[in-house]
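Right, one structure below, let's go through it.
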Number of protein chains: 4
Amino acid sequence: MPGNSFGKLFKVTTWGESHGKALGVVIDGCPSGIKLTEKVIQVELDRRKPKSKTISTPRKEPDKVEILSGVFEGKTTGMPISMIVFNKNVKSADYNNLKNTYRPGHADLTYEMKYLNRDYRGGGRASGRETVARVMAGAIAKKVIKQLFGYKKMKIIGHTTQVGPHKSKKFVEKEIENNEIRCADKDAAKKMIEYIRKMRVEGDSIGGLVEIRVKNCPYGLGEPVFDKLDADLAKAIMSIGAVKGVSFGAGFNVVSMKGSENNDQYKVVKNKQIETVANNAGGIYGGISSGEDLLINIAVKPTPSISKKQKTVDIGGKEVGMSIKGRHDACIVPRLIPVAESMVAITILDHLLRLKAID
Amino acid sequence: MPGNSFGKLFKVTTWGESHGKALGVVIDGCPSGIKLTEKVIQVELDRRKPKSKTISTPRKEPDKVEILSGVFEGKTTGMPISMIVFNKNVKSADYNNLKNTYRPGHADLTYEMKYLNRDYRGGGRASGRETVARVMAGAIAKKVIKQLFGYKKMKIIGHTTQVGPHKSKKFVEKEIENNEIRCADKDAAKKMIEYIRKMRVEGDSIGGLVEIRVKNCPYGLGEPVFDKLDADLAKAIMSIGAVKGVSFGAGFNVVSMKGSENNDQYKVVKNKQIETVANNAGGIYGGISSGEDLLINIAVKPTPSISKKQKTVDIGGKEVGMSIKGRHDACIVPRLIPVAESMVAITILDHLLRLKAID
Amino acid sequence: MPGNSFGKLFKVTTWGESHGKALGVVIDGCPSGIKLTEKVIQVELDRRKPKSKTISTPRKEPDKVEILSGVFEGKTTGMPISMIVFNKNVKSADYNNLKNTYRPGHADLTYEMKYLNRDYRGGGRASGRETVARVMAGAIAKKVIKQLFGYKKMKIIGHTTQVGPHKSKKFVEKEIENNEIRCADKDAAKKMIEYIRKMRVEGDSIGGLVEIRVKNCPYGLGEPVFDKLDADLAKAIMSIGAVKGVSFGAGFNVVSMKGSENNDQYKVVKNKQIETVANNAGGIYGGISSGEDLLINIAVKPTPSISKKQKTVDIGGKEVGMSIKGRHDACIVPRLIPVAESMVAITILDHLLRLKAID
Amino acid sequence: MPGNSFGKLFKVTTWGESHGKALGVVIDGCPSGIKLTEKVIQVELDRRKPKSKTISTPRKEPDKVEILSGVFEGKTTGMPISMIVFNKNVKSADYNNLKNTYRPGHADLTYEMKYLNRDYRGGGRASGRETVARVMAGAIAKKVIKQLFGYKKMKIIGHTTQVGPHKSKKFVEKEIENNEIRCADKDAAKKMIEYIRKMRVEGDSIGGLVEIRVKNCPYGLGEPVFDKLDADLAKAIMSIGAVKGVSFGAGFNVVSMKGSENNDQYKVVKNKQIETVANNAGGIYGGISSGEDLLINIAVKPTPSISKKQKTVDIGGKEVGMSIKGRHDACIVPRLIPVAESMVAITILDHLLRLKAID
């Protein structure tokens, strides 16, 4: 059954496999009159590329976007926008052994069980390359939010808050893009990168924690009781390959918090605006954004492709040992950030349009 | 915009307010020929009722279900099933003060900002009573899974794994329904209940952790890349009022785990079946169920309605103190369990039908 | 699979059977702040009732609407609006023979084949009574269009243009509700009614033609290439039980028209407004409304329930003769008009909201 | 708002403009394991090409399909299938005058009003070239129906039943593809073609009537009460550019038929199968297919692009004369047939999958 579309009013449909001819996305519902060039999208695609050989895969893909429809004389027409990225640096030979053995922690076995016919080259559709399409769509979502809604101050900021035992201890926004791990605390960043280097040497990988912060998020987003903003964001984020958990504001800490501690009490600030004393809820109450910053926490698992030897089973049902060669990320966290930001941008734009319909 | 339907093939649409005439649900897409009586649904509705005055609200609602359509001579007809529960024990007077003051941690303010016209009686649609409709739908979902798919061994088990500082240390399934907090560890249960009693005395409330375990879950559920099983479950769970976080298997622990620790290595067990050594993924790979137990962790916040005095703002924009009287839960966790089970059942059935369409 | 919802932003979900406890509808997506009382809906429900024993069934149903949710202090809240009508005048005994024999021209056999378990009482869900729910939703749609969009001059006018051999020859709007057949030409109306009387005496029934004219329809409605306004209207209209064809403007006459005859050439009228010389397209080009009147033609079949003897088959597969007793309409056309108007109103409102989202 | 997807389980999303870089379609929900090559699709694309210079446009497009994803080693994988056709024979200069003047009978003006930013080159998205995408999807739908469901005898046959005053008088299936107008009556075909030739000489165009007949259609398709098979087919057909009306079986003739004439009485034929004496309903009762042939009638308007001089208005709002040059069809009917067949195939497959989900 279909599962490759996301969004109701800004609808994103993605397609493509890791080692197929190309990857792409069709956006249906983009308002007309938005200034759009391939450059706007390329910037975000480039952010998704590996920043460092220490942390990430050495596979080099130009990931050059081409717009095929829906844009005329530099502006969107309201018609579906089709975008494509051709796969170039495809070494299918690397993956020939994947044909016969299921990699632990990967989707090889479940795809085989469900579809019987599986494109085993580099994970096929279950590969992280699939997120190329999400980033292209996210770039447009960000652009539309800015131009159509004039939310020029709204900002979606993703950053790494933990890798292994190392936690970020401060939030200096401008540091984020200055280091390879996208951490807002440059000292923590150093420790994280050093730790990942160690993992790579060991033939291992490591997980991490990401926070997406949406500054100056508009209020009123979210459609109770099922399409609550946090519910839709949770789905958006959890649909990214390596994510194992998502929470908002105080998140799992609420488990041991009292109502009197966790409740966001109100105060009146300048211009008679109402604000909360804390923002434990992460900017969402009853599924509707309050106008405060959204705070989204994302648990990212260690990449399952490791060269360390593991126990697994082959297609004949025999237990075998496996050591995964090829070009892999020792920590996927920094590259997941533009993807998570994209999913948040798409979700917020979709809800902005939903709000506009009834406003 | 619409947001009150959930599911694509087993589609649930809910309606009703806390202090309105009634609450209800329409199920569209229930297969025909399923044996169904009001009793099957009543059992689950009764599980949702307060078990104890210590923990829960003393508001007493009979919550008597009535089936209005879609069932003929004791069996479903394939037509929409409409079910209704009339509100009986409505004391709107209790809530008259809510008209003028926004309760901290509640949806009062965001609803007011978004809709302008707000049913302030007992939280209106944002009340926990809304979940009555979810439980009615969940009861039918459980029944269909059993009868249509013959998954008689499949079992959706919700239990409390933490309240405040007290954690469950063992899993004895039969203990769960034997104590008021629905904990599988009876010693931990005692400590949890005692702790909640203390909270009530203090005029406070407390959060908790719930695990939903799906035993003998069928494999092949989930539609990549956006309608992954974990993505849809995350949305289903996060759409429940008090939930602030959801994770699968090892959950947020993956943040500090290595690939070699977190990866679920395979072994061959009896009948040539493949199993994982651990089940850190919680039974889902690449968004598709593997046939192992689903493990879902849910962070539940402390109920925001507390009698302890809090700072807030009134509709005139003036800072005021507020102490919430009325009939509230000191810990919502045990009552949330049947609701979360229902959402999981609905999601699984929906995906079973999606799988069936292409199988 | 679900099939009982219509609309994307103004979403209507209906339920209920002819001889069940009740019929109802849930509207999800109705904007908040719309003044709404049961009276507004009752007026339209009353229009749907039989106007004359000559033409229509003598079954007398009070069809008294009750609003159960989504309205607070006389205004909509943005939450789902649940409405119910209880069935009162139920004589199931009338239909006991339907259990064993399939009525020609009815859905008895196809329902049996598809669902196996069939509510045979009065046609169950396939009965014309199902349209009670559509009319309730349509009444609200009309109200929202007026209040929210200020389209006070927009008017959805349904009228009978042909019954058997008798055609309406002029359009005098105020005559429509003055005669039992809802014809805008009072002389034709007389002939039509006389003809229907004759049919009833013969134990037979007769078909007819309806035009729905939408005056002062806003421009810009319709979402190419699949959700074109005419495509969505065609689905809306064709989903009404007795309809066998739908066309726009010149309709099936285009078959023998030349481009030079059929093309709507443009002229400039007062205030620099552009108008067409004719309106052969019925107000829609490329699936988008032009601002001119919508013209929709609907072919309505003769009601299949006739007392004249017919050949059919029983559930044992034996050929038998059948004469349908009970309370039936000799011509359903005038009662179908409020239903068709409702479907048009729902479709137009849905598209108005879609337009608003991107405008 | 999005409007470029069709189908719920077999979901087709199209994109592309007449004079853009390419046209394409993404199919989400195609079952895995279906044998698929580009050749299967090319055959249908070739049927859509002009057969004759008399009737159709001389624009020559190779319309060579390329599959970009979702197929591996000759079989579908269950992943989205992306297909593309590049536009080659683009003469945008032909259309430069369209920038400033609205063609009568075309969507130029409504697109301008709705989207403000309009791709005027050759009609942009409103061009008939958009149907290339529909035909690619339809080819796959036909293949899946055959292989997955084993409905090898099911056949979707489109043919021209009227052009101008000339009607087809017999149905000889094998004649259809033997003449340029796709008429099953070869004598009528000659008259039709001669008539069209005359139209072309006059600088005019002509409409026509198409019947789509689905032989050996499976029973049980259609989801009451809104997603009835005839309702979904009506939407599918009406969404094709040139269509102004759609009807089933006796169609608009029911207007003057009696119940005793129109009702499909039952008889028992060989193997205890039940059949109707006539098939006035066109194979659908209560929105569900009965297993008899589907009979769908389609009114096709004359192509609005004619060289005869017409009155229109330019973008400055001034009345002007216009004579449309360029490469146009004098009668679009024969080329519309593969498109209509495709939409029927997509709708039937979608409903087959829906049926399978609950069967």
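FYI, it's all coordinate maths here, none of it is from the lab. Just so it is clear, the model here is predicted, and its values are computed rather than measured. Every residue, glycine as well, gets a Cβ built from its backbone with ideal geometry; the counts of neighbours run over all protein chains shown.
Some notes on this structure:
- Gyration tensor verdict on the stretch C:248-359 (Cα atoms; rounded if a/c is under 1.5, prolate if a/b is larger than b/c, oblate otherwise): prolate
- Per residue, the protein assembly as shown reaches -8500 deg cm²/dmol at 222 nm when only DSSP H runs of four or more residues are counted, each adding -39500 (n - 2.57).
- Acute angle (nearest 10 degrees) that the helix C:333-358 long axis makes with the longest principal axis of chain C, alpha-carbon atoms: 40 degrees
- For D:121-129, mean number of other protein chain Cβ atoms within 10 Å: 3
- Each label was represented as a point 7 Å from its Cα along the Cα-to-Cβ direction; for C:GLU66 and B:GLU66 these points are 0.6 nm apart.
- Centre separation in Å (Cα based) which lies between the stretch A:225-292 and the stretch C:68-107: 41 Å
- Subset of C:LYS11/C:LYS356; D:LYS35/D:LYS146; C:LYS228/D:LYS235; A:LYS198/A:LYS325; A:LYS99/A:LYS235 violating a 20 Å alpha-carbon distance limit: A:LYS99/A:LYS235
- Each residue in A:THR54, D:THR13, A:THR161 was given a count of other beta-carbon atoms within 10 angstrom of its own, and listing them fewest first yields A:THR54, A:THR161, D:THR13.
- Across the copies of the chain, B:LYS169 has label points (7 Å from Cα along Cα→Cβ) spaced 3.4, 9.6, 9.7 nm apart, shortest distance listed first.
- Closest Cβ on chain A to the rotation axis that carries it onto C (distance rounded to whole Å): A:ALA357, 2
- With the simple model of a label 7 Å out from the Cα in the direction of the Cβ, C:LYS35 to C:LYS155 spans 2.1 nm.
- Across the cross-link table entries B:LYS152/B:LYS258; B:LYS64/B:LYS169; A:LYS8/A:LYS191; A:LYS258/B:LYS152; B:LYS155/B:LYS191, which are compared at the Cα atoms, the separations over 31 Å belong to B:LYS152/B:LYS258; B:LYS64/B:LYS169; A:LYS8/A:LYS191; A:LYS258/B:LYS152.
- Estimated FRET transfer efficiency when R0 is 25 angstrom, pair B:LYS169-B:ASP46 (beta carbons, to 0.05): 0.30
- The same position C:TYR219 in the other copies lies at 3.8, 5.1, 6.0 nm from this copy, comparing label points 7 Å beyond Cα toward the beta-carbon, shortest first.
- Remark: the stretch C:149-156, residue by residue, has Karplus-estimated 3J(HN,Hα) of 9, x, 7, 6, 8, 5, 9, 9 Hz, where x stands for each Gly or Pro and the curve is 6.51 cos²θ - 1.76 cosθ + 1.60 at θ = phi - 60°.
- Efficiency of FRET between D:ASN100 and D:LYS53 - r from beta-carbon atoms, R0 30 angstrom, step 0.05: 0.55
- Dipole check for the protein assembly as shown: with +1 at the C-beta of Lys and Arg, -1 at the C-beta of Asp and Glu, and the Cα centre as origin, the magnitude is about 0 Debye.
- The stretch C:150-191 shape via C-alpha gyration tensor axes, a/c threshold 1.5: prolate
- Per-residue average of Cβ from other chains inside 10 Å of B:200-210: 4
- Put in order of Cβ neighbour count within 10 Å, fewest first, the listed residues A:LYS267, B:LYS356, A:LYS8 become A:LYS267, B:LYS356, A:LYS8.
- Residue order, fewest to most beta carbons within 10 Å, for D:ASP46, A:ASP350: D:ASP46, A:ASP350
- Which of D:PRO334, D:ASN178, D:THR13, positive extreme of dipole for chain D (C-beta unit charges): D:ASN178
- Selection of chymotrypsin sites (Phe, Trp or Tyr not before Pro), the stretch B:142-223, meeting DSSP coil and at most 10 other Cβ within 10 Å: none
- Residues of the stretch C:332-346 falling in the label zone of C:GLN273, defined by backbone nitrogen less than 16 Å from a point 7 Å along Cα to beta-carbon, are absent.
- Amide H contacts of A:VAL320 (H built 1.01 Å from N, under 5 Å, at least 5 apart or other chain): A:THR312, A:VAL313, A:ASP314
- Interchain or long-range residues, amide H under 5 Å from B:GLN162's placed H: B:SER168, B:LEU209
- With θ taken as phi - 60° and the Karplus curve 6.51 cos²θ - 1.76 cosθ + 1.60 applied, the whole-hertz 3J(HN,Hα) list for the stretch A:283-297 is x, 9, 10, x, x, 10, 5, 9, x, 7, 4, 7, 10, 10, 9 Hz, x standing for glycine and proline.
- Spin-label proximity, D:LYS325 to the stretch D:9-49 - amide N less than 16 Å from point 7 Å beyond Cα toward beta carbon: none
- Peptide B:60-70 has a mean of 3 when you count, residue by residue, the C-beta atoms of other protein chains within 10 Å of its C-beta.
- The share of C-alpha pairs in the protein assembly as shown whose separation exceeds 67 Å stands at 7 percent.
- Summary for D:GLY203: label point 7 Å along Cα→Cβ; distances to the equivalent points in the other copies, ascending, 6.3, 8.1, 9.0 nm.
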